[in-house]
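We did not get these values from a lab; they are worked out from the coordinates using the rules stated. As the structure is a computational prediction, the values presented were derived from the model and not from experiment. Because the Cβ atoms are built from the backbone with ideal geometry, glycine has one as well, and the counts that use them run over all protein chains shown.
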Amino acid sequence: MPDLIWEIDDKEGVFLTFDDGPTPGVTEWILSMLEKYDAKATFFVLGKNVEMYPDLFYRIIEAGHKVGNHTYSHQKGWGMSLERYVEDVDFANDLIHSELFRPPYARITPAQARALGQRYKLVMWDIISRDYNRKLSPRTCLRNVSKHLAAGAIVVFHDSEKAFRNMRYALPRTLEKIKEMGLKCKAIEL
């Protein structure tokens, strides 16, 4: 099985990632926050959203951020055949053109990981905000991130309407904490 990347050996960087976009209204807000803090990030986008919002997708790239593949239609790998799952990822990559891949829900079978690992770097995370969970308060989402924040961490937020309330609170405070720690937000380059 290929290596799943859970963190990055980097003494001065934190790697913020945003899954599920691009999403009108949300993506622009994220980009403005990142610009305000001179931060770079990686957006794991859905192929179907890239098709619907190509201008927003290109704005991410033009702002100097990296993009990764998060499948075309946000499929759970455990519930799909190897062939269908790989097809969904490759279809998305015809639009995204990235060697970075993150499986939705972290659900990927060993066979899927082996097949995709031949062509993609499989990027997971070591900190998840859980901003998508509407039962959690924005402060809890911030705490989920800040209590584990350290150099080399890969942090997940979500570029979605569902997550926006929590992320809107947690992201600026996370960016401020990273700055206070003397660390820099970097895009993933492997």
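Condition first: out of contact with any helix residue (DSSP H, G or I) (no Cβ under 7 Å at 6 or more places or on another chain) and β-branched (Val, Ile, Thr). Now tell me which residues in the range 96-127 satisfy that. Reasoning before the result, please.
At the first step, the residues of the range 96-127 found to be out of contact with any helix residue (DSSP H, G or I) (no Cβ under 7 Å at 6 or more places or on another chain) are 97-100, 102, 104-106, 110, 113-114, 117-121, 123, 125-126.
Once the filter is applied, which keeps residues that are out of contact with any helix residue (DSSP H, G or I) (no Cβ under 7 Å at 6 or more places or on another chain) and β-branched (Val, Ile, Thr), the range 96-127 yields only VAL123.
Mind listing whichever residues of the range 92-103 are in a helix (DSSP H, G or I), under 20 Å from HIS65 (Cβ atoms) and not polar (S, T, N, Q)?
Step one: filter the range 92-103 for residues in a helix (DSSP H, G or I), giving 92-96.
With under 20 Å from HIS65 (Cβ atoms) added as a condition, the list becomes 92-93, 95-96.
Of everything in the range 92-103, those that are in a helix (DSSP H, G or I), under 20 Å from HIS65 (Cβ atoms) and not polar (S, T, N, Q) turn out to be ALA92, LEU95, ILE96.
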Checked against (1) more than 22 Å from HIS65 (Cα to Cα); (2) of a type in the set (A, V, I, L, M, F, W, C); (3) touching a Leu at 6+ places or on another chain (Cβ under 6 Å), LEU136 satisfies every condition except (3)
Expected single match for buried (at least 19 other Cβ atoms within 10 Å of the Cβ) and of a type in the set (Ser, Thr, Tyr) among SER73, SER98 is SER98
**Request:** Kindly indicate whether any position in the range 132-147 is in a helix (DSSP H, G or I), surrounded by 16 or more Cβ atoms within 10 Å (Cβ to Cβ) and in contact with an Asp or Glu (Cβ under 7 Å, 6 or more places away or on another chain).
**Result:** yes
Regarding the range 159-181, can at least one residue be identified that is farther than 21 Å from GLU35 by Cβ and out of contact with any helix residue (DSSP H, G or I) (no Cβ under 9 Å at 6 or more places or on another chain)?
yes
Among the residues of the range 78-103, the number that are closer than 25 Å to TYR53 by Cβ and touching a Lys or Arg at 6+ places or on another chain (Cβ under 6 Å) is 2
If we ask which residues in the range 51-70 are buried (at least 19 other Cβ atoms within 10 Å of the Cβ) and out of contact with any Pro (no Cβ under 7 Å at 6 or more places or on another chain), their number turns out to be 5
Expected output for the range 150-177 (first residue within 23 Å of ASP10 (Cα to Cα), partner surrounded by fewer than 20 Cβ atoms within 10 Å (Cβ to Cβ) and of a type in the set (Gly, Ala, Ser), Cβ below 6 Å, 6+ apart or cross-chain) is LYS177/SER146
Selection from the range 153-177 of residues over 20 Å from THR27 (Cβ atoms) and surrounded by 15 or more Cβ atoms within 10 Å (Cβ to Cβ) yields ALA153, LYS177
Expected output for the range 101-120 (first residue in contact (Cβ under 8 Å) with a residue 24 or more places away in the chain and more than 13 Å from ILE5 (Cα to Cα), partner aliphatic (A, V, I, L, M) and part of a loop (DSSP other than H, G, I, E, B), Cβ below 7 Å, 6+ apart or cross-chain) is PRO110/MET1; ARG114/MET1
Scanning the range 71-104 for residues that are of a type in the set (Asp, Glu) and either within 15 Å of the chain's Cα centre (by Cα) or within 15 Å of GLY117 (Cβ to Cβ) (or both) gives ASP90, GLU99
